[in-house]
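Note sheet for the following structure.
The values are calculated or read from the model by the stated rules, or taken from the named source; none is laboratory data. Worth saying up front: this structure is predicted, and the values here are computed from it rather than measured. All Cβ positions, even for glycine, are placed from backbone atoms using ideal geometry, and neighbour counts span all protein chains on display.
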Amino acid sequence: MNSIFKTALLSAFICLISFQSFAQSSKYKCMLQMSNYMGEGAYVVVSLINPKGAYEKTLYVMGDDKKWYKTLKEWHKFYSKKPSNISAITGASVTGGDRSITTIEIEDSKINSGYKLRFESAVEDQKYHVSDLEMPLTTAALADKTEGKGYIRYVRFSKL
């Protein structure tokens with residue numbers, strides 16, 4: 001009887017630990033407004049940047065032709081070392097003056113923990129912006145409109 005109780009208790013403990021290891025995440029609607037530039041559609045990558053400043057995860061890719069990924073130089077270095085299936089988080093590129101609305105999933109534990117969101121952009125035969133828009137991953141920043149520095153005019157998030 002005592003060994004059955006110990007086994008049941010151990011099983012319950014293991015279940016509790018494995019339940020906590022599943023990361024809770026939230027979905028956010030990301031509205032990206034492009035500036036009025038002339039030229040081809042921009043490729044934009046949204047990345048999760050850890051507190052040390054390194055790429056941790058690709059959250060979304062605007063631009064679905066893989067041959068142009070190398071123009072997003074810094075992200076491509078990360079992606080080449082740790083290739084992952086990004087087909088579920090890939091959409092069309094965005095042209096000057098256009099607006100893109102996408103859904104991005106972010107782990108709740110990353111918010112208010114020193115992480116950042118980086119929007120990296122490139123347009124064929126034009127300037128590359130490694131940090132077109134970079135914002136702290138905080139509840140306050142997610143609630144505000146954030147201005148871009150290159151092809152991106154601004155980004156605004158709303159929690160779904």
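Residues of region 115-132 include at least one that is part of a loop (DSSP other than H, G, I, E, B), surrounded by 14 or more Cβ atoms within 10 Å (Cβ to Cβ) and in contact with a Pro (Cβ under 9 Å, 6 or more places away or on another chain). Number of residues in region 63-110 that are among the basic types (Lys, Arg) and surrounded by 16 or more Cβ atoms within 10 Å (Cβ to Cβ): the value is 1.
Could you check region 32-49 and list, in sequence order, the residues that are loosely packed, with under 15 Cβ neighbours inside 10 Å and in contact with a strand residue (DSSP E or B) (Cβ under 9 Å, 6 or more places away or on another chain)? Passing the criteria: only ASN36. When restricted to residues that are at pLDDT 95 or above, more than 17 Å from LEU160 (Cβ to Cβ) and in a helix (DSSP H, G or I), region 81-109 contains 1. For the criterion of being farther than 21 Å from SER158 by Cα, under 13 Å from the mean Cα position of the chain (by Cα), touching a residue at least 24 places away in the same chain (Cβ under 8 Å) and not in a strand (DSSP E or B), TRP75 passes.
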